[in-house]
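The structure under discussion appears below in the form of C-alpha cells.
Just so it is clear, none of the values below were taken in a lab; they were calculated from the coordinates. What you see is a predicted model; the values in this text were computed from it and never measured. All Cβ positions, glycine included, derive from the backbone under ideal geometry; neighbour counts span all protein chains shown.
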Amino acid sequence: MTTFSRVPIDKRRRLKLPHIYIILLTCIGLAALATHFITAGEYTRIPGPGGRPVIDPGSFHTVVASPANFMDLMLAIPRGLIGSAQIVFFVLIVGGAFAVLRRTGLIELGVENLSRRFASRRLLLIPTLMIVFALLASFIGVPELSMVYVPILLPLLIALGYDSIVAAAVALCATGLGYSVGVFNPLNTGLAQQLADVPLYSGYPLRIALLAVLLTISIGYIMRYAHRLACNPERGLMADDAIECDKRERYQQIVDYSDSHLSKRQWLATLLALGCLGVLIFGVTRLGWYMTEISGLFILMTLLVGTAAGLAGETICESFTDGCREVMMGALVVGIARGVAVILENGQVLDTMVFSMGQLVSELPPVLSAIGMFTTQLGINFFIPSGSGQALVTMPIMAPLADIVGVTRQTSVLAFQLGDGMSNILYPTAGYFMATLGIAGVPWSKWVHFFLPLFLLWIAIATVFLILAQILQWQG
C-alpha cells in the first residue's frame with residue numbers, strides 16, 4: 001500500500017500578494033469601470049500662487065460624460081509611460097550610473113571601509129541617517145532624493161548584515177516623514193498655507209513635536225527588524241530572493257577580502273564623483289533642479305568617473321546597459337501606475353470624486369471633521385500622488401470647508417500634509433516610491449508586508465495629533 005507524505009503549506013506563500021503588474025492592471029480596469037458609473041464633472045481653474053492653476057471651490061458643474069472605452073483602456077499604459085517619462089528615465093539612468101560606479105570599484109572600496117568603521121555600532125547608523133534625511137526633506141522637500149540615497153545605502157547596509165528592505169526603509173521612511181510633516185517645507189506646507197490663507201510656516205512647534213514622535217517610532221521599528229535580521233538572516237523578508245542572495249554574497253566578499261587600496265585613477269574618479277554630488281545638492285536646493293536635470297548630471301558623472309577610473313568606452317556602455325536592466329521593472333511600474341490617473345482624468349470623474357469627498361466631510365460631527373479631512377486626503381492621494389498637484393486641487397475646497405465645520409484652517413493644512421505624504425510610500429501609484437523600490441530591488445508586495453504595521457502606527461499617531469489640534473482649536 002502506497003502512502004503519501006503531507007506537504008507542509010507555506011502560509012506566507014498562501015497569503016502572497018499578486019504581482020504588482022496584476023494589481024495595477026486591476027486598478028486601471030476598475031478606474032475604467034468607474035467612469036461609466038460616476039457622474040462626469042469639473043471645477044473651473046483660476047490663477048493661484050505663482051500663476052499655477054487652482055480650482056474655484058464654488059464652480060463645480062457636471063459635464064458631458066466621456067466614459068472609458070476599449071481604446072482608452074488599451075492606451076492607458078502607453079500614455080502613462082509617456083506622462084511619467086521623466087521618472088521612468090530617471091530610474092533607468094540612476095541604475096545605469098551606479099552600475100558603472102560599481103565597475104570602477106569605488107563602491108566596493110567605500111563599502112569595505114565604512115562597514116569596518118561601523119561594524120561595532122552598525123545599528124547607530126540607522127538613526128543617524130534617518131534623522132539627517134528627515135530633516136532635509138522637512139526643510140527642502142524633494143522626497144525623490146530617496147532614489148539617490150538607496151544606491152549608496154544598499155551595498156553598505158547589506159555588507160553590515162542587513163537587507164535591501166532596510167536600505168529602502170531608511171531612505172523612504174525618513175524622507176516620507178520629513179516631507180509629510182514639512183516643518184518648513186515650501187512644497188507642501190508653504191503652498192497649502194498660501195492656498196488656505198494661513199501665515200507662512202506658522203504652527204511649526206506642533207509639527208516639530210509630531211515629526212519627533214513619528215521619527216522615533218519609525219527608527220525603533222526599523223532597528224528592531226534590522227537587529228532580528230542581523231541575528232538570523234533567514235528571518236528576513238528577502239531571504240528567499242535569489243537576487244538578494246547574490247547581492248549579499250557580493251558585498252560580504254568585499255568586506256572579507258578587499259585590500260582597501262585606491263589607485264591614482266580611482267582617487268581622481270572619487271574626487272569627480274564627490275564633486276558631482278556637491279553639484280547635485282546645490283542644484284536641488286538652490287536652482288530648483290528636478291529629475292531631468294539630475295538625470296543629465298548622472299549621465300555626465302557616469303562618463304567622467306568611468307573615464308577617470310580607466311574604463312574603456314565599451315565597458316562603460318555595457319555596464320550602463322546592465323544597470324538599466326536591473327531596474328527595468330521598477331521603471332515600468334511607474335508608467336503603469338500612472339495609467340490609473342490617465343483613465344480618471346480622461347473620463348472627467350476625478351473632480352467629481354474630490355467634490356463628493358468634500359461633501360462627505362461636511363456631514364461629519366465637528367470632532368471628527370479633521371479626521372474626515374485626513375481620510376479624504378489619503379483617498380485622493382491614490383489618484384493624485386503629486387503633493388503640489390493635490391494641494392492645488394483640494395485646499396481651495398478644504399480651507400473654506402474647515403470654516404463651516406469648525407476646524408481651523410491650520411488643522412486642515414496638517415490633514416492635507418499627512419494624508420498626502422504618509423501614503424506616498426504605500427500606494428503603487430506614487431512614482432518616486434515605486435522607482436525607489438525598483439532601484440532597491442524590493443518587490444512591492446514584500447514592502448507592504450514590512451511597512452503596513454508601521455503605516456498603521458503612523459495613522460494612529462496622526463489621528464491623535466489631529467484630534468488634539470481640533471480640541472485646542474489650533475491656530476499656530
Subject >> Per-residue [θ]222 nm for the chain (sum of -39500 (n - 2.57) over DSSP H runs n ≥ 4, rounded to 500) >> reply: -24000 deg cm²/dmol
**OP:** Fewest Cβ neighbours within 10 Å first, please rank Ile219, Ile459 accordingly.
**Re:** Ile459, Ile219
Original post:
Expressed as a whole number of Å, what is the distance separating the alpha-carbon centroids of region 361-400 and region 13-78?
Top reply: 17
**OP:** Taking the chain as the reference, fit the longest principal axis to its C-alpha atoms, fit the long axis of helix 242-257 to the helix C-alpha atoms, and give the angle between the two in degrees, 0 to 90, nearest 10.
**Re:** 50
Original post:
Modelled label-to-label distance, Asp56 and Cys231, 7 Å Cα→beta-carbon offset: nm?
Top reply: 6.3
Original post:
For Val54, which sequence-distant residues (separation of 5 or more, or a different chain) have an amide H within less than 5 Å of its own amide H, given hydrogens modelled in the peptide plane?
Top reply: Ile46, Gly48
Subject >> Local net charge near Thr62, Cβ-Cβ under 11 Å (Lys/Arg +1, Asp/Glu -1) >> reply: -2
**OP:** Tabulate in residue order the Karplus-calculated ³J(HN,Hα) for region 297-302, using 6.51 cos²θ - 1.76 cosθ + 1.60 with θ = phi - 60°, rounded to whole Hz; enter x for Gly and Pro.
**Re:** 5, 5, 5, 4, 4, 4
Original post:
By what distance, in whole Å, do the Cα atoms of region 120-242 stretch along each of the three principal axes, largest value first?
Top reply: 53, 24, 23
Original post:
From the backbone phi of region 146-160, what are the Karplus-calculated ³J(HN,Hα) couplings (6.51 cos²θ - 1.76 cosθ + 1.60, θ = phi - 60°) in whole Hz, Gly and Pro given as x?
Top reply: 4, 5, 8, 5, 4, x, 7, 6, 4, x, 5, 5, 5, 5, 7
